[in-house]
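A short worksheet on the structure shown next.
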Amino acid sequence: MNVSGWVVGFVLLVSWLWAPLLLADTAALYQQYCAECHHPDRLGAIGPALIPQNLHRLRKKQAIEVISHGRPATQMAPFADRLSPAQIAALADYIYTPLARMPVWGMKEMRANHRILHPPGSLPARPTFKADMDNLFVVVELGDHHFTLLDGDTFTPIGRFPTRFAVHGGPKWAEGGRFVYFLSRDGWVSKFDVWNLTWVAEIRAGINARNLAVSDDGRWVMVANYLPHDLVLLDARDLSPARIIDAKGEQGTSSRVSAVYAAPPRHSFIAALKDTPEVWEIRYADGHGRPLARDKMPLRRLRLKGVLDDFFLTQDYRTILGSTRGGGAQVIDLDSGRDIARLDLPGLPHLSSAITWARNGTRVLATPNIRKPEIAIIDTATWKVIKRIPTPGPGFFMRSHENTPYAWSDVFFGPHRDLMLVIDKQALKIVKTLRPAPGKTSAHVEFTRDGRYALVSIWDMDGALVVYDAKTLKEVKRIPMKKPSGKYNVHNKLTRSEGTSH
Ligand code: DHE
């Protein structure tokens, strides 16, 4: 070996010997500065969980920035005055290190993280403010972790309320619009009483959660988790934990749960597993609609040919469409559990954002695609793609309403992310391209109860909700907001409008 070989060897040996010491140092730093807010095992407490699964949307460079300078509008303090750049970089590495074992989050942990702020029945059972209660919107503002309750007639905020960090997915309206359930990526489920404008209960149902669903009888909330691998059933009245269903495939594979949805006509929850090709149906009422006890809810397994990444349930809840890893989509008949068709959908169709409408005596389904600049239109009678509409970039969310001739789609990815496409539902072509805020992402549309107005989010800290007349396509109002993401109209959600997600 020459001299440089010896030097390299020496450096490698020293770093190998030092690595555990450095790690131990960093772990000690973590315990000293971070553990109190983020949990000694990095599972999250008043601050978010600091594990790779929960951090995957934050680049390491941004994490270093947050540790150094804090995060505005949160309790995250700056540490640049207390820690050296090397220590901050080591901490950033540390929080992206996978956990050594699957975290435990069972009944005990849930109960310890359960708060009932107003017991069921303790608050007035009538609205405490005046508005059309059937045309309210919940607007999630990701920028500073709040939501706004918006009057859908006047487009004025009724109130603005702090949420848990990083609410994701659609908050679910329930019980005729009195309550809304929110879920954060860190697994916090929070129940809001709209009539009394207050939070009533919350619980942490997982470490890394996907989404939640509410049974049509309003009795249960089901949470789908990535971490741990399970589904959690909560009593909707006060969010107390009722049952944990381990996500184990038939062959014993422990699996993350992709998502769970309620299927009201079937009185069941439908969940897809992420690491094994199975969809589960869990019934909460029998064939006559009689409620079943928490431990008597049967679990039915549908065995698939491929794992589902994302899925859509048809309006009649008889069919499930799921995008398959590696491209394409499967169509599965929910009653027989049989694979009835394959869809020619390359890329990654965003099926949970698909919508349907009537056209030429049939029902068509439209889906954006996260990886391909196109919107695919599918005839649900034949399961054939009848049109591919080219778009200026891949889209994320699509929306429409029974009373409008147009479907709206964003262009979420790429240089044209400030565009909003308006598509004629019969001609199947783009008839107008809007640019609500040049240079800023515009995404996610929701309609008022009557379909007269379309509300678009300007996805920016200095953002807004832009209200368009859905007929003339002219702007009628702009309401400043902090990175508004999704918005959810009570009527459209509770009536399961064909133009919106469920
Ligand atoms: Fe979402 C809904 C999964 C990234 C904003 N997203 C959903 C749902 C699922 C899902 C399963 C349906 C939940 C429901 O409403 O019950 N989302 C995923 C992913 O797998 C993905 C691609 C990667 C991930 O990070 O998990 C992803 N989603 C994002 C984002 O990066 C978005 C744009 C910003 C954010 O909040 O993190 C985002 N997702 C949303 C929104 C909805 C949503 C606003 C609700 C749509 C609706 O109108 O119902």
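Every read-out reported here was derived from the displayed coordinates using simple, explicitly stated rules and does not represent laboratory data. Just so we're clear, the structure is a prediction, and the values are computed from it rather than from any experiment. Quick reminder, even Gly has a Cβ in these numbers, built from the backbone with ideal geometry, and neighbours come from all protein chains shown.
Structural remarks
- Top positive-direction residue, dipole computed over the chain with Cβ charges, set 322, 118, 102: 322
- For the chain, with +1 on Lys and Arg beta carbons and -1 on Asp and Glu, the positive-most of 437, 232, 177 along the dipole: 437
- Sites residue 360 and residue 340, calculated FRET efficiency, Cβ-Cβ separation with R0 22 Å, nearest 0.05: 0.50
- Built amide H within the under 5 Å cut-off of residue 319, gap 5+: 314, 334
- Global geometry of the chain, whether rounded, prolate or oblate, following the gyration tensor of its Cα atoms and the 1.5 cut on a/c: rounded
- Förster radius 45 Å - calculated FRET efficiency between residue 84 and residue 132 (Cβ-Cβ, nearest 0.05): 0.20
- Remark: the Cα gyration tensor places the stretch 367-502 in the oblate category, a/c being 1.5 or greater and a/b not exceeding b/c.
- Close amide H contacts of residue 243 (hydrogens built in the peptide plane, cut-off under 5 Å, sequence separation of 5 or more or a different chain): 233.
- Put simply, the amide H of residue 142, placed in the peptide plane, has neighbours under 5 Å in 485, leaving out anything fewer than 5 places away on its chain.
- MRE, 222 nm, helices only [DSSP H, n ≥ 4, -39500 (n - 2.57), over the chain, to nearest 500]: -4000 deg cm²/dmol
- With respect to the chain, whose longest principal axis is taken over its alpha-carbon atoms, helix 60-69 is tilted by about 80°.
- Net lengthening on full extension, residue 275/residue 301 (0.36 nm per residue, minus Cα-Cα): 7.9 nm
- Note, ³J(HN,Hα) from phi for the stretch 319-328, Karplus 6.51, -1.76, 1.60, rounded to Hz, x at Gly and Pro: 9, 10, 10, x, 7, 9, 4, x, x, x
- Inter-centroid distance (Cα atoms) of the stretch 64-79 relative to the stretch 152-195, Å: 26
- Legend: calculated FRET efficiency, residue 156 to residue 435, from the Cβ-Cβ distance at R0 = 25 Å, rounded to 0.05, equals 0.45.
- Using θ = phi - 60° and Karplus 6.51 cos²θ - 1.76 cosθ + 1.60, couplings along the stretch 83-93 (whole Hz; Gly, Pro as x): 10, 7, x, 5, 5, 5, 5, 5, 5, 4, 4
- Residue-by-residue Karplus 3J(HN,Hα) for the stretch 175-192, coefficients 6.51, -1.76, 1.60, Hz, glycine and proline x: 6, x, x, 6, 10, 10, 10, 10, 9, 9, 4, 7, x, 7, 9, 10, 10, 10
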